[in-house]
C-alpha cells in the first residue's frame, strides 16, 4: 500500500499512461505492427519520410519509463493477489449514469469511505483506496476507464482523476475489451497532446 501511495505521488503520472496503455494490452497488440515494419522497411532502406520520428525532448527518459513500468507491474501483481476479503461492498450509482459516477469519485466522497480521505489529500470524492477498488466488478472497472478518459478530455488531468485512472489500469482484466482499448488509445493521444503543450522548462 505504501508503494502504491508513493507511485501515485509522482508528478509525471499522466505522461506514463501512454506507456501503460501499450503494456497492459499485452504484446500481441503490438507484435503484428512491429513485424510489418520489419518486413516492409529496414533502417538502411528507410527514406526521410518513413524514418522514425525524432524523440520529443519533453518526454521522460526511457530509463524512467522502464522503471515506472516495472513498478506498475509489481503493483498490478500485488493487486491481483490481494485477498478479496478486504474488499468493501458499497452501494454505487447505476453503471449507465456517468454524471453520478463523476460526482461520487471526484467531488463527493462515499459516506462509507471518508476514513480514507486523510491518506488522499488531493481527493474530495471517493479515493482509490485498496479496499474500495477491490470491490469494483470487472464491468465497473472497464466502464469507469472509459468514463475517466472522457472526463480527462473535457476537464483535463486533475490529480484525483490521474490517480483513479492509474488504479483502474491496475485492476483491468485481460484480454482487454475493444471499448477499453479504444479508450486507452484516446488517453494516449490526450497524453501526447498534453505533453506537446508543455514548456520545455
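All of the numbers you see were taken from the coordinates with simple rules; none came from a lab. Note that the structure is predicted; figures quoted are calculated from it, not measured. Glycine also receives a Cβ, built like all others from the backbone with ideal geometry; neighbour counts cover every protein chain displayed.
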For 137, 126, which order do you get if you count the other beta carbons within 10 Å of each Cβ and list the fewest first? 137, 126
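Listing 123, 173, 110 from the residue with the fewest other Cβ atoms within 10 Å to the one with the most, what is the order?
Working: 123 23, 173 11, 110 17.
In increasing order of surrounding Cβ atoms, one gets 173, 110, 123.
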If you average the sequence gap of Cα pairs under 8 Å that are 6 or more apart and divide by the length of the range 84-201, what percent do you get for the contact order? 23 percent
With each pseudo-label sitting 7 Å past Cα toward Cβ, what's the residue 196-residue 177 distance in nm, one decimal? 3.1 nm
Once both label points are put 7 Å beyond Cα along the C-beta direction, the residue 103-residue 88 separation in nm becomes 1.9 nm
Would you mind ranking 184, 177, 171 by Cβ crowding within 10 Å, fewest neighbours first? 177, 171, 184
Fully extended contour minus Cα-Cα distance, from residue 154 to residue 124, at 0.36 nm per residue: 8.9 nm
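Please state the shape class of the range 62-197: rounded when a/c is under 1.5, otherwise prolate if a/b exceeds b/c and oblate if not, all from the C-alpha gyration tensor.
Details: a/c = 1.41, a/b = 1.19, b/c = 1.18.
Cα axes put the range 62-197 in the rounded bin.
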